[in-house]
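Colleague: The structure that follows is given in the form of C-alpha cells.
All of the numbers you see were taken from the coordinates with simple rules; none came from a lab. These numbers were taken from a predicted model, which means no experiment stands behind them. Positions of Cβ are generated from backbone atoms using ideal geometry, with glycine treated the same way; all protein chains shown enter the neighbour counts.
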Amino acid sequence: MTAADPGLPEQPDGPAPEPRSVRRSLASIVLGFELFIVLLASLTIFGLSPAPFGDDGIPRWWALVGGGVLLVGLLAIMALLRYEGAYVAGWVLQGILLATGFLNPAMFFVGALFGGMWWYAMVAGARIDRQRKESA
C-alpha cells in the first residue's frame, strides 16, 4: 500500500502477465478427468481379472502397475503443458488409453470418448487463443 492511497494495493511494475491459454486450460481439464477414469479403470481391470490376467497369464497386480504408470504420465503432462511437446505426449497417452480396450472392451468406448474430448480441447482451444490474439 502506498502512502497516497492507503486503501489500494500497490500495482506491480512491468507489463501485465499474458492471460492463460484456453487450449492449456481445456487440456488440463481433460487430463484431470482422465486421472479419475484411469484410476477406476485400473481397479476394475484388477478386480475383474480379464483373459490376459489371472492364473495362466500376467499377474493381476500388473493392472495396478500399468494404471499407476498412466497416472504418473497424466500428472507429468499436466505439469508440462506450458511446452508444446506435452500436447504431443497427450496424444500418445490418448492412444494408450484407447489401447486399454484390449484389456477391457469398455475402455474402447472410454478411450474414444476422451480422445474426442482431447481433440476438441486442442482444436477449440487453439481457435479461441488465435481469436483472442487477433482481437488484442
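Colleague: To make sure I understand, if each residue's beta carbon is the centre and we count other beta carbons within 10 Å, what order do Ser21, Ser42 fall in, fewest to most?
Modeller: Values: Ser21 16, Ser42 23.
Result, fewest neighbours first: Ser21, Ser42.
Colleague: Counting other C-beta atoms within 10 Å, which of Trp91, Trp118 has the fewest, and how do the rest follow? Don't jump to the answer; show the numbers that get you there.
Modeller: Values: Trp91 13, Trp118 21.
Result, fewest neighbours first: Trp91, Trp118.
Colleague: Sort region 42-132 into rounded, prolate or oblate with this rule: let a ≥ b ≥ c be the square roots of the eigenvalues of the Cα gyration tensor; rounded if a/c is under 1.5, and if a/c is not under 1.5, prolate when a/b is larger than b/c, oblate otherwise.
Modeller: Details: a/c = 3.92, a/b = 2.19, b/c = 1.79.
Taking the square roots of the gyration eigenvalues as a ≥ b ≥ c, region 42-132 is prolate.
Colleague: With each pseudo-label sitting 7 Å past Cα toward Cβ, what's the Ser28-Glu134 distance in nm, one decimal?
Modeller: 2.7 nm
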